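Participant: Just passing along the structure, written as structure tokens.
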Amino acid sequence: MGYQLSRRALADAFKSWSGTYDVYAPTVFAGTGRFSETDVIRYGKVTDPADIVWDARSDYSFKEILIPVCQVLFYFTEHSVQESEFPKKGAIIFLRSCDLHAVKRLDYMFLQNGPEDYYYKTLRDKVKFVVMGCDHTFDGCFCVSMGTNVSTNYDAAVNFKDGMYYVDCPDETLAAALKNHAEGTCDVTADHVEKDDVEVHIPDNLTSAIAKSSIWDEYDKRCIKCGRCTLACPTCTCWSMQDIFYTENGKAGERRRVQTSCMFDDYTLVAGGGCFRQKAGERMRFKVLHKVLDFKKRAGFQMCVGCGRCDAICPEYISLTHCINEKLPQGMKEVLENGQ
Amino acid sequence: MVNNEYLPFRSEILEVIKHAELEYTFRMSYDRGDEHPVKPGQFFEISIPKYGEAPISVSGITDHSLDFTIRRVGSLTDEIFENYVGDYFFMRGPYGNGFDVNMFKGKEIILVAGGSGLSPIHGVIDYFADHMDECKKLTVIVGFKSPDDILFKEDQKRWAEKGISLITTVDRAPEGYTGHVGMVTKYIPDLTFEDMPNAISVVVGPPPMIKFSILELKKIGFDVENIWLSESRKMCCGLGKCGHCRIGDIYICQDGPVFKYTKISSMID
């Protein structure tokens, strides 16, 4: 059984939750876009359901709540370290089905690949996920191809239609407030996309041999190594360690981890100046094969969830979907022919 | 409760051994051996607040100390070299798989190292120096740039006395130098075996040295399945989280840094 709520009723539910949780959702950051007088849609705290953006995909993903762009791990003095504090409240995250599938990728990296990550685990344990039903596909989405268009493991799912919110809520903690403020009950099944405009086919014969093909050379000139694709990606998790001190010659400071990208020049840089992938094409190859080949070899499922954010954000109009559909088959053909 | 792996502990510098202008060994106090035993080939993230962390191989292990042989090549290592006995570093670890000495037992062992590549296998050599009866034969071929760059001179003397067949060579030497001169690869064709199919080899050093050493080993008919490597990459965590050390579906910090050559030879960075 689900609940029917008006904007005001849902706002009241948000208020009831606010003692224990902050609500995070895609919202508009006016005037902060790449070009003058353009906006960015990214994740922020919301108190009013009307601030949640439903009619577009967010430019950046929810991942910044679980793996902050810049996260203080601990504070230094000269002789000791002091762990940083966590937010007192948990988080309720409004996200699309593809993004909830991305959480499974983050969980793999931070909870399974090596020991459990203390900082991720602490934040993750206090998160509830609310799926935002997609009643249509967005430009460049390919969730159906990646099998991420349907989610069932949510704490709640919301459909937004004609100014009303229809909520399915298996989670009892969240359901209590919804029940109090609901203006009616009804059966709710989360909306989901059955067909995207874009279809993606990862070649069945794809192997790491494709690393030697010439398809990557094209990106040497086109890609400017800005890393936006990875920062917008909900499944990219790489970070670097960074120390800062509060004064130039002081003895107190902090160690942080900050989001980084395999597209950046310092990503493989070791002491002495050694660097493993200099060319943009090599970095593109490293990233693309992780998304559609290497991660699956290790984790058992594909990394890419088909959200389409990387294609949308690239200033050079480089397309992952084009790379998968056109370039990968070409590259496999080339290396197989060369091998014979 | 999940353990916070990122919090470092403080460790005192017990001794500084100066091998060369740019290479010192720092002997650090370590009393966590019971709970966190350390194997040769494993590494620690060593840090100085403000200058950051770097993964450094353990080059010596005792009950109460660990050795780290550090080459002065970056901003952190510059700062490390400003410290002396009685000062402290922050550390966390051990990380990585390291070498299991059991895999060498009863075999003819060939260790080929270039420069500070000797660090990860230093503990293996130490072990067999004290237990020569546990292997058939141990040959170490180690190369340095010049006589001034030779590391672990005292240890080398001890190893030779214990019966290890040791070839220390330098790329270039001034006139009158009486030791071996030439690349490590020059000495591989001269190796003799009682039972080559069961011999085991480890190659550690700069990538070109590894490449050509393996070519030479192949030439003499050495089974590539019995060759092992120790890899190094940028690593910000040592825990499989930061992503920097990934090659294909492998994380050097989690699955290595010690690898069978055949496991990693086809991977492309």
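Participant: If I filter the stretch A:208-220 for residues that are part of a loop (DSSP other than H, G, I, E, B) and over 30 Å from A:ALA11 (Cβ atoms), do I get at least one hit?
Facilitator: Looking through the stretch A:208-220, at least one residue is part of a loop (DSSP other than H, G, I, E, B) and over 30 Å from A:ALA11 (Cβ atoms).
Yes/no matrix, rows are residues, columns are (1) exposed (fewer than 15 other Cβ atoms within 10 Å of the Cβ); (2) in a loop (DSSP other than H, G, I, E, B); (3) free of Cβ contacts under 8 Å to residues at least 60 places away in the same chain:
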| residue | (1), (2), (3) |
| --- | --- |
| A:PHE129 | no, no, yes |
| A:CYS134 | no, yes, yes |
| A:THR137 | no, yes, no |
| A:THR152 | yes, yes, yes |
| A:ASN159 | no, no, yes |
| A:VAL198 | no, yes, no |
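Participant: Looking at the stretch B:253-269, which of the residues that are of a type in the set (D, E, K, R) and not in a loop (DSSP other than H, G, I, E, B) is nearest to the other protein chains (Cβ to nearest Cβ)?
Facilitator: B:ASP255
Participant: Then there is this: Specify which of the listed residues (A:ARG42, A:ARG7) is touching a residue at least 24 places away in the same chain (Cβ under 8 Å) and of a type outside the set (A, V, I, L, M).
Facilitator: Of the residues listed, the single one that is touching a residue at least 24 places away in the same chain (Cβ under 8 Å) and of a type outside the set (A, V, I, L, M) is A:ARG7.
Participant: Can you find, within the stretch A:319-340, the residue that is surrounded by the fewest Cβ atoms within 10 Å (Cβ to Cβ) among those that are within 19 Å of A:MET303 (Cα to Cα) and among the hydrophobic types (A, V, I, L, M, F, W, C)?
Facilitator: It comes out as A:ILE324.
Participant: Another question about this same structure. Just to verify a result, which residue in the stretch B:225-252, among those that are aliphatic (A, V, I, L, M) and not in a strand (DSSP E or B), is nearest to the other protein chains (Cβ to nearest Cβ)?
Facilitator: B:LEU239
Participant: Of everything in the stretch A:86-112 that's surrounded by fewer than 19 Cβ atoms within 10 Å (Cβ to Cβ) and within 13 Å of chain B (Cβ to nearest Cβ), which residue is nearest to A:ALA190 (Cα to Cα)?
Facilitator: Among residues in the stretch A:86-112 that are surrounded by fewer than 19 Cβ atoms within 10 Å (Cβ to Cβ) and within 13 Å of chain B (Cβ to nearest Cβ), the one nearest to A:ALA190 (Cα to Cα) is A:ASP107.
Participant: Here are some residues: B:SER29, B:SER59. Which one is free of Cβ contacts under 8 Å to residues at least 40 places away in the same chain, more than 14 Å from chain A (Cβ to nearest Cβ) and either among the acidic types (Asp, Glu) or on the phi < 0 side of the Ramachandran plot (or both)?
Facilitator: Working: B:SER59 fails: free of Cβ contacts under 8 Å to residues at least 40 places away in the same chain.
Result: B:SER29 is the single residue among B:SER29, B:SER59 that is free of Cβ contacts under 8 Å to residues at least 40 places away in the same chain, more than 14 Å from chain A (Cβ to nearest Cβ) and either among the acidic types (Asp, Glu) or on the phi < 0 side of the Ramachandran plot (or both).
Participant: Could we say that A:ASP265 is in contact with a Gly (Cβ under 8 Å, 6 or more places away or on another chain), touching a residue at least 24 places away in the same chain (Cβ under 8 Å) and under 20 Å from A:ALA232 (Cα atoms) here?
Facilitator: no
Participant: Right, here's the next one. Restricting to the stretch A:1-59, name every residue that is part of a loop (DSSP other than H, G, I, E, B), among the aliphatic types (A, V, I, L, M) and farther than 16 Å from A:VAL158 by Cα.
Facilitator: A:ALA30
Participant: Across the stretch A:74-121, what is the total count of residues that are under 22 Å from A:PHE138 (Cβ atoms) and polar (S, T, N, Q)?
Facilitator: Keep residues of the stretch A:74-121 that are under 22 Å from A:PHE138 (Cβ atoms), which gives A:93-106.
Remaining after also requiring polar (S, T, N, Q): A:97.
Matching residues across the stretch A:74-121 total 1.
Participant: OK, next. Hey, among A:PHE62, A:PHE76, which residue is surrounded by 18 or more Cβ atoms within 10 Å (Cβ to Cβ) and farther than 30 Å from B:PRO49 by Cα?
Facilitator: A:PHE62
Participant: Ok, one more. Where the second residue is β-branched (Val, Ile, Thr) and in a helix (DSSP H, G or I) and the first is at negative phi and lies in the stretch A:214-226, which pairs have Cβ atoms under 9 Å and are six or more apart or on separate chains?
Facilitator: Listed pairs, sorted by first residue: A:TRP216/A:ILE210; A:TRP216/A:VAL288.
Participant: Working carefully through the options B:LYS219, B:LYS211, find the one that is away from every other protein chain (no Cβ under 14 Å), out of contact with any helix residue (DSSP H, G or I) (no Cβ under 9 Å at 6 or more places or on another chain) and at pLDDT 95 or above.
Facilitator: Details: B:LYS211 fails: at pLDDT 95 or above.
From the options B:LYS219, B:LYS211, the qualifying one is B:LYS219.
Participant: List the strands (runs of 3 or more DSSP E) that sit entirely inside the stretch B:48-116 and contain at least 2 residues that are over 16 Å from the mean Cα position of the chain (by Cα) and modelled with pLDDT of 90 or more. Spell out the reasoning first.
Facilitator: Details: elements: B:52-61, B:65-71, B:88-95, B:108-114.
By residue number, B:88-95.
The values are calculated or read from the model by the stated rules, or taken from the named source; none is laboratory data. Treat the numbers as computed from the prediction; the structure is a model and nothing was measured. Here Cβ is always computed from backbone atoms with ideal geometry, including for glycine, and neighbour counts include all displayed protein chains.
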